[in-house]
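The values are calculated or read from the model by the stated rules, or taken from the named source; none is laboratory data. Since the model is a prediction, treat every value here as computed from it, not as a measurement. Glycine also receives a Cβ, built like all others from the backbone with ideal geometry; neighbour counts cover every protein chain displayed.
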Amino acid sequence: MRDISIVGGGPAGSLCGERLASQGFRVTIFDERLAWEKPCGGGLTHKAIQAYPFLLDAPQPKKIVSTAELISGGGHRARFEMRHPIVIYARKVLNGLLLDRAVAAGCNLRRMRVTSIDTAGPRVCLTAAGEEFRSDFVVLAAGARNQLLPETTALGKLDLEMTLGYFIPTAEDMIKVKFLRAFEGYIWSFPRSDHLSVGICAKIGQSSSQQLRGYLEDFMRAEKIPMDGARLYSHVLPSPREHTIQRRKIAGANWAMAGDAAACVDPITGEGLYYALKSGDLLAQALVEGRPQTYPERLRAAFSADLEFAARFARKLFCGNFLGGAITTRMVQLLNYSPAFSDLIRDVFSGAQDYRGLKRRLWDQLGITFVEIVRGLLAAPIAPQSPHLAGGRDRLP
């Protein structure tokens, strides 16, 4: 397999193409838009920077953010400094950076929309703009809703989420995440180098786009985020269930999926960039070694098993209750009372803590967390004037 077609020039397709071309494969990347401004936060966590340091070292404009604030559905707040900063790119800039690296490695770019893929013959046949293109293997990295491969199923609405938001020409230095009551999703505000990405994500069918827009604009008014020059966006992203991650076919004899197409997304945080890059990288490794059939196993060993674990309790985290209040509210309150719990959330937020090790870490530090909570309750003022960390502590009922 020396001729490789890649459908989709986002992070998964571009990195896969770069890795293959640098090993002497003949790679063609098909994408109808090439670098474009995908509606998302654009954050690269610590594990992404560790795996791909060029994302931090590249000269392209980016924002390095160390401060984050979590806001509960009741308005409780906790602000903290991340041990490992998050690097935030505009997606057009990031996609352009990755495509440039793919071209420099030897990839051929075709700005064309692929309309069909036939994997039944001795060679894969792609149709784009009325032309046919043949290759030995095809990588599908064209997003969550594609239906180009007959050997697998497109993601259904229960494995998808709607995102809606604004790009706003204003400056900010802090990430904000707000949870809503009994709502599987969250609102975010991510600062980029020359604008702010503010958005909301929710499982498809949970709320109408009008309701989502209302929640988001209420948040923007409360946080005094200006609407001048704001550009509205909307997009559909993967939010896979546990059994979808376990059972969905993502590879065949002469094809494989990567990135959003393979539902490589954290079901809790919605982080997709690291998993897109890693899936493209792992697929390239399997092809270089002549063992493409090992790709699903590599994916599971690297992160799929962890994402299954996350999918198992995602809804409970967003919609469940603990000690008489929402789990997300208790989480925000505990951040203000327990340094040990705060350290744990810092690591989860920056991508340094995986989910499978999270339960053990919670149990291991349960005693010290309890002591810190009691100490904080005894030291807290009786009537705090502000729910902000700087102005006082929220009392736990």
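Is it fair to say residue 281 is at pLDDT below 95 and acidic (Asp, Glu)?
Working: at pLDDT below 95: no; acidic (Asp, Glu): yes.
In short, no.
Go over the candidates 222, 263 one by one and state the one that is touching a residue at least 24 places away in the same chain (Cβ under 8 Å) and either of a type outside the set (Ser, Thr, Tyr) or surrounded by fewer than 24 Cβ atoms within 10 Å (Cβ to Cβ) (or both).
On the way: 222 fails: touching a residue at least 24 places away in the same chain (Cβ under 8 Å).
Going through 222, 263 in turn, the sole match is 263.
Does residue 64 count as in contact with a helix residue (DSSP H, G or I) (Cβ under 9 Å, 6 or more places away or on another chain), assigned to a strand (DSSP E or B), outside the structural domain of residue 347 (by TED's automatic domain parsing) and free of Cβ contacts under 8 Å to residues at least 40 places away in the same chain?
Working: in contact with a helix residue (DSSP H, G or I) (Cβ under 9 Å, 6 or more places away or on another chain): yes; assigned to a strand (DSSP E or B): yes; outside the structural domain of residue 347 (by TED's automatic domain parsing): yes; free of Cβ contacts under 8 Å to residues at least 40 places away in the same chain: yes.
Yes: the conditions hold for residue 64.
Condition first: hydrophobic (A, V, I, L, M, F, W, C) and either exposed (fewer than 13 other Cβ atoms within 10 Å of the Cβ) or touching a helix residue (DSSP H, G or I) at 6+ places or on another chain (Cβ under 8 Å) (or both). Now tell me which residues in the stretch 136-157 satisfy that. Step through it out loud before you land on a result.
In the first step, residues of the stretch 136-157 are kept if they are hydrophobic (A, V, I, L, M, F, W, C); the result is 137-142, 144, 148-149, 154-155.
Within the stretch 136-157, 137, 139, 140, 141, 142, 144, 155 meet the criteria.
List pairs: first in the stretch 113-130 and closer than 19 Å to residue 253 by Cα and without any contact (Cβ under 8 Å) to a residue 60 or more places away in the chain, second in a strand (DSSP E or B) and of a type in the set (Phe, Trp, Tyr), Cβ under 9 Å, 6+ apart or cross-chain?
Final answer for the pair search is 125/133.
Please go through the stretch 80-102 and give me each residue that is buried (at least 23 other Cβ atoms within 10 Å of the Cβ) and in a helix (DSSP H, G or I), ordered by number.
Listed by number, the residues that qualify are 94, 95, 98, 99, 102.
Of (1) surrounded by fewer than 17 Cβ atoms within 10 Å (Cβ to Cβ); (2) touching a residue at least 60 places away in the same chain (Cβ under 8 Å); (3) not basic (Lys, Arg), residue 276 satisfies all except one. Which?
Of the numbered conditions (1) surrounded by fewer than 17 Cβ atoms within 10 Å (Cβ to Cβ); (2) touching a residue at least 60 places away in the same chain (Cβ under 8 Å); (3) not basic (Lys, Arg), the odd one out for residue 276 is (1).
Can you confirm whether residue 133 is closer than 30 Å to residue 229 by Cβ and either modelled with pLDDT of 95 or more or surrounded by 13 or more Cβ atoms within 10 Å (Cβ to Cβ) (or both)? Show your work before the answer.
Values: closer than 30 Å to residue 229 by Cβ: no; either modelled with pLDDT of 95 or more or surrounded by 13 or more Cβ atoms within 10 Å (Cβ to Cβ) (or both): yes.
No: the conditions fail for residue 133.
Scan the stretch 7-27 and give yes if some residue there is at pLDDT below 95 and surrounded by fewer than 19 Cβ atoms within 10 Å (Cβ to Cβ), otherwise no.
Scanning the stretch 7-27 turns up no residue that is at pLDDT below 95 and surrounded by fewer than 19 Cβ atoms within 10 Å (Cβ to Cβ).
Take the conditions crowded, with 22+ Cβ neighbours inside 10 Å, over 21 Å from the mean Cα position of the chain (by Cα), over 24 Å from residue 124 (Cβ atoms) and at pLDDT below 95 and apply them to residue 311. Does it pass? Please lay out each step first, then the result.
On the way: crowded, with 22+ Cβ neighbours inside 10 Å: yes; over 21 Å from the mean Cα position of the chain (by Cα): no; over 24 Å from residue 124 (Cβ atoms): yes; at pLDDT below 95: yes.
When the stated conditions are applied, residue 311 does not pass them.
Would you check if there is a residue in the stretch 31-39 being farther than 24 Å from residue 230 by Cα and surrounded by 24 or more Cβ atoms within 10 Å (Cβ to Cβ)?
Of all residues in the stretch 31-39, those farther than 24 Å from residue 230 by Cα come to 31-32.
Now narrow it down to the ones that are surrounded by 24 or more Cβ atoms within 10 Å (Cβ to Cβ): 31.
There is at least one residue in the stretch 31-39 that is farther than 24 Å from residue 230 by Cα and surrounded by 24 or more Cβ atoms within 10 Å (Cβ to Cβ).
What number of residues in the stretch 301-347 are free of Cβ contacts under 8 Å to residues at least 60 places away in the same chain and assigned to a loop (DSSP other than H, G, I, E, B)?
Counting residues in the stretch 301-347 that are free of Cβ contacts under 8 Å to residues at least 60 places away in the same chain and assigned to a loop (DSSP other than H, G, I, E, B) gives 2.
Any chance you could count how many residues in the stretch 166-205 are under 22 Å from residue 317 (Cβ atoms) and not aliphatic (A, V, I, L, M)?
Step one: of the stretch 166-205, the residues under 22 Å from residue 317 (Cβ atoms) are 175-190, 199-205.
Right, trim to not aliphatic (A, V, I, L, M) and you get 176, 178-179, 181, 183-186, 188-190, 199, 201, 203, 205.
Going through the stretch 166-205 one residue at a time, the tally reaches 15.
Got a sec? Which of 229, 205 is at pLDDT below 90, in a loop (DSSP other than H, G, I, E, B) and farther than 25 Å from residue 86 by Cα? Lay out the reasoning, then the answer.
On the way: 229 fails: at pLDDT below 90.
That would be 205, the only listed residue that is at pLDDT below 90, in a loop (DSSP other than H, G, I, E, B) and farther than 25 Å from residue 86 by Cα.
Only one of these is touching a helix residue (DSSP H, G or I) at 6+ places or on another chain (Cβ under 9 Å), among the aliphatic types (A, V, I, L, M) and not in a strand (DSSP E or B): 55, 70. Name it.
Values: 70 fails: not in a strand (DSSP E or B).
Exactly one residue qualifies, and that residue is 55.
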